[in-house]
Amino acid sequence: SHPVIDLHTHLVPGVDDGARTLEQAREALERLAADGVRTVACTPHLRASEVRRGMVPDHGAAFATLAAAVPAGVTLRRGWEVMLDDPGVALDDPALALAGTRVVLVELPRGEVPPGADRELARIRSSGVIPLVAHPERYGGMTPALARRWHDAGALLQADATTLCGTGTRGTRARALLADGAYDVIASDNHGDVRSPRVAADWLAARGAADVATLLTETNPARLLGGEAPLPVPAVRAPEGVAQLRAWLVARLRGARPDRRP
């Protein structure tokens, strides 16, 4: 078993819509550390169209300030979350990758899955870059069948932890993908708040799927950072009433001990 690794956060202070101040970022890191997270990738927002124009900002000073204030036992890594707003952009600059790997965290424009998304992911993969698609459950029209096409194109998929055990259409989509074994990793997408991979790990463990929680929050993220392919993730079916889900998530985010019955 590895320590928990969070590959998607917005904690570099003052550079995007995430943590606004160093204090807010540090408090978020302390909460993640208390949840057993030992490696945190900082992935500020960036648009592919900015990459095309050579407008990649330098957040080095802000990252260094955060790194100097990081809680003991936590390691920060660097990357970006690249919005694929402009198809055909080369993403093979090593500076765009997660922590010196060939993996680049990408997201799609908000709304429905754009036509040709699988072709764009295949193009990125053919350039030597491994696209890790952030929160696919966020996009309208996302299905397990489409997730399989993206995997076939060479992409990997990252679930947002809080969405996975949350209510609403996105939560339903996320659990459908989980039930098909579509996800490779779980991350928090923390924006200087209380979101943590641990909420999904605990939720899975409470439903008899602790092995899957370990794969998604520890083993596979560690393999990606080590330059290895993720291991296959077994399907998990977790039927749950909306009221139960809401009560569980509210209790967890308030720090109470949730109902642990499967």
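The values are calculated or read from the model by the stated rules, or taken from the named source; none is laboratory data. Since the model is a prediction, treat every value here as computed from it, not as a measurement. Ideal geometry is used to build each Cβ from the backbone, glycine not excepted, and the neighbour counts take in all protein chains shown. The area values use the complete protein model at the heavy-atom level, side chains included, leaving out ligands, DNA and RNA. Shrake-Rupley method; radii C 1.70, N 1.55, O 1.52, S 1.80 Å.
Is it the case, given these coordinates, that Arg102 is open to solvent by 40 Å² or more (accessible area, probe 1.4 Å), under 19 Å from the mean Cα position of the chain (by Cα) and within 15 Å of Gly154 (Cα to Cα)?
Yes: the conditions hold for Arg102.
Restricting the search to the range 12-40, which residues are in contact with a strand residue (DSSP E or B) (Cβ under 6 Å, 6 or more places away or on another chain) and without any contact (Cβ under 8 Å) to a residue 60 or more places away in the chain?
Val12, Asp16, Val40
Can you name the residue in the range 144-164 that is assigned to a helix (DSSP H, G or I) and hydrophobic (A, V, I, L, M, F, W, C) and is also farthest from the chain's Cα centre (by Cα) among such residues?
My answer is Ala145.
Given (1) within 17 Å of the chain's Cα centre (by Cα); (2) among the hydrophobic types (A, V, I, L, M, F, W, C); (3) under 22 Å from Leu253 (Cα atoms), where does Ala34 come up short, assuming only one miss?
Ala34 satisfies every listed condition except (1).
Rundown of residues vs (1) under 18 Å from the mean Cα position of the chain (by Cα); (2) over 21 Å from Leu11 (Cα atoms), yes/no style:
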site	(1), (2)
Val56	no, no
Val70	no, no
Asp85	no, yes
Ala97	yes, no
Leu121	yes, yes
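Working carefully through the options Asp92, Asp85, find the one that is loosely packed, with under 14 Cβ neighbours inside 10 Å and charged (D, E, K, R).
Going through Asp92, Asp85 in turn, the sole match is Asp92.
For the range 182-215, which residues satisfy the criterion of being part of a helix (DSSP H, G or I), open to solvent by less than 20 Å² (accessible area, probe 1.4 Å) and over 11 Å from Leu7 (Cβ atoms)?
Those that are part of a helix (DSSP H, G or I), open to solvent by less than 20 Å² (accessible area, probe 1.4 Å) and over 11 Å from Leu7 (Cβ atoms): Val199, Ala200, Ala201, Trp203, Leu204, Ala206, Val212, Ala213.
Under the condition of being assigned to a helix (DSSP H, G or I) and basic (Lys, Arg), which residue from the range 8-35 is most open to solvent (accessible area, probe 1.4 Å)?
Applying the filter and picking the extreme gives Arg31.
Just the residues that are more than 23 Å from Val194 (Cα to Cα), surrounded by fewer than 17 Cβ atoms within 10 Å (Cβ to Cβ) and of a type outside the set (A, V, I, L, M, F, W, C), please, taken from the range 48-79.
Ser49, Arg52, Arg53, Gly54, Pro57, Asp58, Gly60
Count, please, the residues in the range 107-149 that happen to be among the aliphatic types (A, V, I, L, M), under 18 Å from Arg170 (Cβ atoms) and buried (at least 20 other Cβ atoms within 10 Å of the Cβ).
Qualifying residue count, the range 107-149: 6.
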